[in-house]
Amino acid sequence: MEFRILGALEVRARDSGPLAVGGRLQQALLAVLVAHVGRTVSVPRIVDAVWDECPPATADRQVRNMVGLLRRALSPGPRRPSPIRTDGPGYLLAADGVRVDAREFTARVDAAARAGADGAPLLREALDLWRGPALDGLPGRALATIAAGLEEQRMAALERLFELELAAGRHERIVPELIGLVGATPLRDGLVRHLLTALLRSGRRAEGLAAYRRYAADLARELGLDPSPELRCLQQELLGSGAPNPAPPREPAASRRPAASVQRTLPRPAQLPWESPAFVGREAQLRAIGRHLVGPGGPGGRAPAPGAIALVTGAPGAGKSALALRWAHRTRDRFPDGQLFTDLHGWSSTGPQHPHAVLGSFLRALGVPAEDVPARLDETAALYRSTLAGRRVLIVLDNALDAAQVRPLLPGAGGCAVLVTSRERLTGLVVREGAQRIELAEFSPDEGRALVRRVLGAERVEAREQAVARLLDACGHLPLAVALAAARLRDRPHHDLTDFAAELAGNRLDVLSADGDDRSACLRTAFSFSYRALDGPARRLLGLLATSPAVDLSAPVAEVLGGLERGSGARILRRLADVHLLTEHRADSYRFHDLLRLFAAEQGTRQESRRSRRLCLERWYAWCLHHACAATRTLVPGRPHVALPPPPRDLETTAFADPAQALRWCDEQRANLLATAAHAFEHEDDDVAWKLPSLLWPYLHRTGPHAERLAVSRTAVAAARRLDDPLALGLSLNDQGHAWGSAGDLPQARRHYEQALGLVRAAGDRAVEALVLASLGVSHFNCADYAGAADHFERALRVLAADGPGAARWTVLLCETNLASSLLMLGRSEEAQALAERLLAPEIRRLGGVPECSLLNVVGMARYAAGRPEEALVHLERSLAVGRTITGYVDQRANSLTALAAAQQALGRGADALRSWEEALAIYRELPAHYRDAAVGLLTSLGFTPPTPPSPGHEHAARRPAPVPDSAAGLGGADGDGTTDPARP
C-alpha cells in the first residue's frame, strides 16, 4: 500500500487506483499517522491535528471511531490486518509493507549525501516525488507545521542539488530552474546565491544585477535586512569587468565542507530577546542558576563548567522565560563569544520546533553558510558541536517540550553553558546529562507587591495594602496572573484598586486575559498548552479532580474519583505533576493551584456530562462516609453511629487494623473530609453534610482547633435543620455544644445540650438521649456542679439500662468513668476508688487509652486523699505513661502531671514535683480557663501547694506557692478536650 503526502494526501492500494479515505477529519488523522510512519502518535496530538484549537468534548471517542473507519477502508483483505495499529497511548501506521513518499524522499536525499559529488541524479529522483505543496488542502496548525518541515527538507535538497550542478559546470542548464524557484521563494538566500552565481558564470551580468536588486528590495521591505556578505561579494563580481569566473574544480562536498566552516571567521551572535522591565524578585533562583552555570565571581570570572546545564521548570505562567532572560542578560559578559536563543515552541499552538531547524538557524548565526548545513540531524549536530568547540557561548533553549528535543542542541566539551526552560520536569535530562533543575513556584507576597508597585506606581497603591493583598490572593500569586491584573489596572487609570480586586475575585479567568489579539497573554491559553499535551485518561482525571471537593489528591483519591484500577492513579498523578498542572505538596499527595483548578474544572465540565459528574461525586461521598465510619468504629469501638446506605458494589472500603492506622487515614484525608462536608452543604447534599461531621467528631474532637470544630458543627446543624430531621439535628447540636465547651463558652454549650435533649427524646432514640444526658453531665462538671454532673451520668445509665446490659457499652463505660471523677470531687473518694478499680478491668485497654488514663487518675488521687502518696505515685505514673501515647487529649496529661506533682511533693521529691508542675502548667496555659480548676482545686484542698522555682542564688530559699489558675479542668474522663464528655471521645 502506498501513502503520498508530498502533495495532496493520496492512498493507493497495490495494483489499483487511489482509495477514498473519508472526509477532511479522517484525512487529517491519516495524514498525521503517515507523517510519523513507524512511530506512535498520541491521541492528544491527533486531536490537535484534526480539530486545531477547538476540539469537541467527544474528541477522544471520535478519534477511536475514525480509526475504526480508516482501518476498514485500508484493510488489504479479509485475512490481512490494516496497517493502522493501536500502540499504548495512541496509534501508529506500521512501516512494514507500506510505501510512503516522504520516507522515500528522505532515503534518496541521504543516499545523495553518501554519493558526494555524484549525488545530483539521486537528488533529482528525490525531488521528482513532489507533486505539489506537502499535505495540500489540509488545514490546521499541526499539519501546517508538518508541511513546513517537509518543505524545508525540499528546499535544502534543492540548494544541495544546485550546489552540485554548479560544481560540475552545469550553470547554464540550471538557470531556468533557478529563475522559477526564486520567483516562488524570493527571500531564500541560498537559491538567490546559486542563481546569481549561475548567471555570472553564464555571462548574463545584467540579469544577475537585476535579480540582486529585486532580492535586496524584497529583503529590506519584508524583513528590514541587508543582503548577506556573500551576496554583496557576488554583486561586486557582477559589476566587475572581464571574463566571468570559471567554475571551480570539481571536488567532493564532504571533503570541502568542514574546512570551509572551520576556517571562516565566525561572528558573535547576540540573540537574547528583550528583557521585561517589570521583572522583580527571584533572587534565590537567579543565584541557583549562577552557581551551577558559572560559579562565583563577577563578569570575567571563571568559565562555565563543561556540559553545564541549568533547567528551569514550573507551572504555566510561573515566569520561567522571564527568569531565564533576566539571568542571561545579567551574565552575558561572561560569554564573550555570544548568546544563542530560541523558543522551541514545545508548548504553543505552532507545535514544537524540530531540532534540525534550530541547529540550522544556530549554525547560520555562527557564520556557517546555509549550503554547508548537512541534511541529516546527526551530522548537523556534530557540525554544531565542532563550531562551538573552544568557544564560550550561552545557549538559551526556551519552552522545551522534552529531553529528546533538547539533546541535539547541547554543545560538546568546552566553556558553553545551556539554560533550558520547560513545563516538563525533563527528568531524563537531569539523569543522563546532569542538568540542575530549578523549580519555580508562585511569587512570594513581597514579590507580588513589588510587581504591582512596579507596574502601577507607588502612589497608586499607597494605603491600598489590603486591596493589593486581595488582588494577589485572587491571582494565586502566579506571576503571569499578577502581571495581567496589574496591566489591566494600568490601562484603567480611573478605576479603584479595591473595586478591581473584588471584580477579580468573581471570574478570575475571564478578567485575567489580555485585550487585543495577543492570545499568548491569556491564562486560559497558557494553561491549555499543558492540558492538550495530556492523553485522554489524564485529561479526564484532571477534570474530575477539579470538579470534586477533594483538596489533597493522592492515588486512592484519584482512583475513587476517576473509577480507575488500583495502581493507575499514582501514575497519572505523577504525569500531571510532571507538566506542573498539579503540585506535590508532600510525598505522593498533590494539590491544584487555584487558577489551574478553575481552568481544569472548566474542561471537566465540558468533557463530562452532568450525570457522569454526579455519579463521580456520589462515589466520593460514599468513600468518605464509609471510611470515616470505619475509622470511628476503630477509634471508639461500640460507640453509636449514624446509619449509612451500603456502598456501591465497585467501591472498595477499608477496615482499619488499629487506632493508629485509623488516625493516620484521618490525618491524611482531613482537608478532603472537611472540604467535602462544606461542599455537600453548599450543594444541598444535606444528608452528607451532617453525617460526615458526626462520624468525624471523635477524631476532630481530639485534634481539631476550636474554630474548625465550631465551623464544622455549624455546617452540620444547618444541614440537619434543612432536612427537618429531629434526630440529626439533636446529634449535631450535641456536637456543637462540645465545640462551644472546648472553646470555653460553657453557657453556650449548656444551651445546645438542652436543645438537643428535647429533640432526641422526641425522636425516641434512647442511646442518643443517653449521649446528650452525658454531655449535660460534662457541662455541670465544668461549672463545678459535681452533684448535678453525677445526677446526669446516673440518669444516662438508667436510660441505657432499659435496653439491656449489652446496650451502648462504650457510652456506659464513659458515663461510669465520669461518674467516678464526679464522686471524687464530691469528697466520696472511697466510692470513686472502688468504681474506678472495678472499671480498670483488662478489657478496658481494648477500648482506648482515655478512659484508662482518667480512671488511673481517680485511683491515684483517691490514694493521695487517703494519705498514701507511694501508692498514688504508682497509679499516676501509669496514667501519665498512657496519656503520652494518646493523640490529642493534652489535658489528660496535665491532670496526671498535677496529681503526680502533689504525690512527689508529699514524698519529699521537691525537684521532681517542680518539673511535673511546670510541665502541667505549660499545658494548662494553652487551654480555656475551666480546664484547670477541678484537679488543681481538689489537690490544693488536700494540702498540695504548687511549687515555685528558687530565685537565682537562693537555691535553698523557702518556696512560695505559684499562682493557681482561677478556674480549671476536670479530671478528664473521656472527652476529647479533657473534660468528662462520654459522648464524644
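The values are calculated or read from the model by the stated rules, or taken from the named source; none is laboratory data. Quick caveat, the model's predicted, so the values are computed rather than measured. Cβ: placed from backbone, ideal geometry, glycine included. Neighbour counts: every protein chain shown.
The table below lists the values:
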read-out: Filter result for residue 723 (closer than 16 Å to residue 642 by Cβ, among the hydrophobic types (A, V, I, L, M, F, W, C), surrounded by fewer than 18 Cβ atoms within 10 Å (Cβ to Cβ) and at pLDDT 90 or above); value: yes
read-out: Filter result for residue 697 (assigned to a helix (DSSP H, G or I) and under 19 Å from residue 890 (Cβ atoms)); value: yes
read-out: Selection count, region 551-569, where residues are assigned to a loop (DSSP other than H, G, I, E, B), over 14 Å from the mean Cα position of the chain (by Cα) and either closer than 23 Å to residue 61 by Cβ or at pLDDT 90 or above (or both); value: 3
read-out: Which listed residue is assigned to a helix (DSSP H, G or I) and at pLDDT below 85, from 940, 979; value: 940
read-out: Any hit, region 539-549, residues being of a type in the set (Ser, Thr, Tyr), part of a loop (DSSP other than H, G, I, E, B) and at pLDDT 80 or above; value: yes
read-out: Test for residue 321: is it out of contact with any helix residue (DSSP H, G or I) (no Cβ under 7 Å at 6 or more places or on another chain) and not aliphatic (A, V, I, L, M); value: yes
read-out: Condition check for residue 187: touching a Phe, Trp or Tyr at 6+ places or on another chain (Cβ under 9 Å), at pLDDT 90 or above and either surrounded by 14 or more Cβ atoms within 10 Å (Cβ to Cβ) or not in a helix (DSSP H, G or I) (or both); value: no
read-out: Those residues of region 526-538 which are surrounded by 20 or more Cβ atoms within 10 Å (Cβ to Cβ) and either of a type in the set (Val, Ile, Thr) or not in a helix (DSSP H, G or I) (or both), in sequence order; value: 533, 534
read-out: Residue match in region 592-609 (condition: free of Cβ contacts under 8 Å to residues at least 24 places away in the same chain, more than 21 Å from residue 474 (Cβ to Cβ) and in contact with a strand residue (DSSP E or B) (Cβ under 9 Å, 6 or more places away or on another chain)); value: no
read-out: Tally of residues being in contact with a Gly (Cβ under 8 Å, 6 or more places away or on another chain) and not β-branched (Val, Ile, Thr) across region 766-783; value: 6
read-out: Scan of region 79-95 for residues that are of a type outside the set (Ser, Thr, Tyr) and touching a residue at least 12 places away in the same chain (Cβ under 8 Å), ordered by number; value: 83, 84, 87, 88, 89, 90, 92, 93, 94, 95
read-out: Per-region count, region 589-633, residues closer than 28 Å to residue 54 by Cα and not in a helix (DSSP H, G or I); value: 5
read-out: Condition met for residue 777 (under 47 Å from the mean Cα position of the chain (by Cα) and crowded, with 24+ Cβ neighbours inside 10 Å); value: no
read-out: Pair list, Cβ under 9 Å, 6 or more apart: region 726-752 residue closer than 12 Å to residue 772 by Cβ, other residue in a helix (DSSP H, G or I) and acidic (Asp, Glu); value: 730/769; 737/754; 752/735
read-out: Options 509, 523, 426; residue that is in contact (Cβ under 8 Å) with a residue 40 or more places away in the chain, surrounded by 15 or more Cβ atoms within 10 Å (Cβ to Cβ), hydrophobic (A, V, I, L, M, F, W, C) and over 25 Å from residue 325 (Cβ atoms); value: 509
read-out: Filtered residues of region 570-593 (kept if basic (Lys, Arg), within 9 Å of the chain's Cα centre (by Cα) and exposed (fewer than 15 other Cβ atoms within 10 Å of the Cβ)); value: none
read-out: Matching residues in region 396-423 - criterion: being among the β-branched types (Val, Ile, Thr) and within 13 Å of residue 324 (Cα to Cα); value: 396, 418, 420, 421
read-out: Residue 100, sole failed condition from (1) of a type outside the set (Ser, Thr, Tyr); (2) more than 30 Å from residue 184 (Cβ to Cβ); (3) touching a helix residue (DSSP H, G or I) at 6+ places or on another chain (Cβ under 7 Å); value: (2)
read-out: Residue tally, condition free of Cβ contacts under 8 Å to residues at least 60 places away in the same chain and surrounded by 20 or more Cβ atoms within 10 Å (Cβ to Cβ), over region 666-683; value: 5
read-out: Residue ID - surrounded by the most Cβ atoms within 10 Å (Cβ to Cβ), chosen from residues in region 870-923 that are part of a loop (DSSP other than H, G, I, E, B) and without any contact (Cβ under 8 Å) to a residue 24 or more places away in the chain; value: 909
read-out: Pair list, Cβ < 6 Å and 6+ apart or interchain, from region 450-476 residues that are assigned by TED's automatic domain parsing to the domain that holds residue 490 and touching a residue at least 60 places away in the same chain (Cβ under 8 Å) to residues that are in a helix (DSSP H, G or I) and not polar (S, T, N, Q); value: 451/482; 455/486; 455/490; 475/481; 475/482; 475/485; 476/594; 476/595
read-out: Identity of the residue in region 634-665, basic (Lys, Arg) and either touching a Lys or Arg at 6+ places or on another chain (Cβ under 8 Å) or outside any loop (DSSP other than H, G, I, E, B) (or both), that ends up surrounded by the most Cβ atoms within 10 Å (Cβ to Cβ); value: 639
